[in-house]
Amino acid sequence: MSALPPGIEQAFSAVVGELGMATASWLFVKAVARCEGDEGVAALAEVAGSSFTVLDAVARGWLDGQREMKVDAGPVAAATGKATRVVVVGLDAAYVDALVDAVADRARIAIVAHSMFEVDWTRVLDNWGGRVERVDLDTFQKWAGGKSALVTFAYGRQGSHTAVQPLWHRACGADVRSQFRSLVAWDVLGVSLDLYPRWLVEADADSFTHFVR
């Protein structure tokens with residue numbers, strides 16, 4: 001088995017807080033592949049995959065020949081309809097980047113600043129140059145209305161279920177669901193998770209108005 005730097009799980013945990021599961025996974029997989037080749041990617045999945053199931057899925061996808069992260073915000077932008085306010089629940093930086101580029105000309109965008117991991121939200125928001133505003137769990141409902149959409153990230157789909165960040169269940173209760181016109185899940189993984197989704201929770205894929213893959 002290829003040698004990996006000691007503490008790679010701790011390093012991934014530090015990065016995932018400010019980049020998100022899928023974005024951080026692609027960053028690590030590509031870095032390991034560049035230095036250690038496919039053998040290193042296989043070792044990464046073996047060492048850290050049981051703790052970070054999205055990383056495991058991306059690593060195994062790489063070994064099956066998927067060498068680029070697919071980011072197309074067009075269908076997600078279309079799913080938000082004519083929303084003039086879009087609230088992102090959860091963080092996956094590469095996909096937020098694409099969504100901002102797709103809808104910022106017609107909509108205000110906010111992100112719910114809450115995470116299981118340590119995050120410097122000022123630094124994260126600075127990356128979008130003022131195009132993304134900060135809201136919190138107790139303030140984001142002020143963005144609700146007939147021209148508002150909630151967007152979150154999903155990680156694979158197995159039958160009628162998908163995996164989402166726990167923040168989705170904290171933010172999107174029955175009272176919130178009725179206040180936003182669109183509830184959009186963006187599947188940024190595209191494959192089913194082989195391992196139990198630690199750091200994620202299960203959600204009914206049919207509970208969203210749009211499930212975009």
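The values are calculated or read from the model by the stated rules, or taken from the named source; none is laboratory data. Note that the structure is predicted; figures quoted are calculated from it, not measured. Note that we place each Cβ from the backbone using ideal geometry, even for glycine, and neighbour counts take in every protein chain shown.
When the residues of region 113-145 are filtered to those that are acidic (D, E) and exposed (fewer than 14 other Cβ atoms within 10 Å of the Cβ), which remaining residue is farthest from A98 (Cα to Cα)? Steps first, please.
Of the residues in region 113-145, the ones acidic (D, E) are 118, 120, 126, 133, 136, 138.
Restricting the remaining residues to those that are exposed (fewer than 14 other Cβ atoms within 10 Å of the Cβ) gives 118, 120, 126, 136, 138.
Working: E118: 23, D120: 21, D126: 16, D136: 22, D138: 26 Å.
The extreme case among them is D138.
Could you tell me whether D136 is of a type outside the set (S, T, N, Q) and out of contact with any strand residue (DSSP E or B) (no Cβ under 8 Å at 6 or more places or on another chain)? Even if it seems obvious, please write down each step before you answer.
Working: of a type outside the set (S, T, N, Q): yes; out of contact with any strand residue (DSSP E or B) (no Cβ under 8 Å at 6 or more places or on another chain): no.
So D136 fails the test.
For region 21-55, give me each residue that is outside any helix (DSSP H, G or I) and closer than 15 Å to G156 by Cα. Steps first, answer last, please.
The first filter runs over region 21-55 and keeps only residues outside any helix (DSSP H, G or I), leaving 49-52.
The one that is outside any helix (DSSP H, G or I) and closer than 15 Å to G156 by Cα: F52.
Provide a single number: the residues in region 173-196 that are more than 21 Å from A94 (Cα to Cα) and buried (at least 20 other Cβ atoms within 10 Å of the Cβ). Don't jump to the end; show me each part of the working.
Filtering region 173-196 down to residues more than 21 Å from A94 (Cα to Cα) leaves 173-182, 194-196.
This time we only want the ones that are buried (at least 20 other Cβ atoms within 10 Å of the Cβ), so: 180.
Adding up the residues that qualify gives 1.
Restricting the search to region 14-47, which residues are under 14 Å from A3 (Cβ atoms), surrounded by fewer than 23 Cβ atoms within 10 Å (Cβ to Cβ) and either touching a residue at least 24 places away in the same chain (Cβ under 8 Å) or assigned by TED's automatic domain parsing to the domain that holds D187 (or both)?
Result: E36, G37, E39, G40, A42, A43, E46, V47.
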